[in-house]
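Take a look at the structure below.
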């Protein structure tokens, strides 16, 4: 690996040669950016952590004892992995695995923005199958597959990066390979499709110039563990013409895919008991927007649900109108730290069953709902939980029951807060509608 970088250039960079240091930094950046993106699936976070990795490399390089090029790259990848783990460490290992699962909407939108033949020829079902399989495996499995198959590191180098012995690295890779194989089959692929799945994933997540044609081909030899595992034949040789290579991958993979079964649980079935409540006279729409938070000053994206891939327009806070929120076809995008507070004419009260209903598109884990008195006092409602695998990428109905909540004030408004930028069709939660049970005047 890293044929462009030799030990002489690294030594010159250590000695203070500006041109050599620039060359090393650029080579490190080009490799690390793809590695981190494949772990996080977050463009903005990838840029930040890549920059941190390069800066740390520049700072430590003069004192670092570089034995050879391989040891240099082991150090770089270890540093990059440490940056990713440190970023998510406050959330814990379980949250790390959840936050770094693949988001098909992000990658699908990325694919639609370029002219890469693989993204044009491979059907949507195949892309979803590959990304769904990579999403399902453990973070450490995805990490070792990336290091071994995409960055061509030896088991000794991987052991140095991830910790443990070379034998432990071989065993971990063995398990990772079979875990991904199992997930590919579960997501619709036939048996022995690991190589094709990895090749497609490589091209979908290539960050070394996303606008250029993808150029990564996974070697069958990288899948060998040395533990008696049979190898698959190589799908493609070194690419001579990139377009031909991508066409071969698309045709080969399309011939292997099995028809995708329809989901057993539909969104309509899941929320069958909640839909009628939206039409109930006990629930009303908010009457006004009390406040909105736009920390980056870019405004709020308004989305027509009839054409969700084409946002309608961008509105600044003072341009928001309650009619946009109440129209069934309209949605307001809430990216990280963006929120909108919706007021009701009368106090929100506790009744029999749910008292607050929300509709949103994205994932329950990307939205936070709070009650307010309309004058600054805030009460955090419990974080809504997902009900079923595969529903998170569709429309959600979220409900809250006020029974048993020790509210310190009379609630008159609902605040909806976006938590993440990297989920959903437009990098945020699409808030569609809120209705609440309010105190009615007795006749």
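What distance in nm lies between label points placed 7 Å from Cα along the C-beta direction at residue 403 and residue 71?
Simple spin-label model gives 6.8 nm for this pair.
With a Förster radius of 30 Å, plug the Cβ-Cβ distance of residue 316 and residue 25 into 1/(1 + (r/R0)^6) and report the FRET value to the nearest 0.05.
The computed FRET efficiency comes out at 0.20.
Measuring from label point to label point, each 7 Å out along Cα→Cβ, what is the residue 59 to residue 378 span in nm?
Result: 3.2 nm between the two label points.
Taking neighbour Cβ counts within 10 Å as the exposure measure, how do 278, 201 sort from fewest upward?
Ascending Cβ contact count within 10 Å gives the list 278, 201.
Averaged over every viewing direction, what's the projected area of the C-alpha convex hull for the range 1-99? Give it in nm², one decimal, please.
Its average projected convex-hull area is 6.4 nm².
FRET efficiency for residue 186 and residue 352, Cβ-Cβ distance as r, R0 = 41 Å, nearest 0.05?
0.50
Test of understanding: ordering 56, 380 by Cβ neighbours within 10 Å, fewest first, what list do you get?
380, 56
Readers should treat all values here as calculations from the given coordinates under stated rules, not as data from a laboratory. Keep in mind it's a predicted model, so treat the numbers as computed, not measured. Virtual Cβ from ideal backbone geometry, glycine too; neighbours counted across all protein chains shown.
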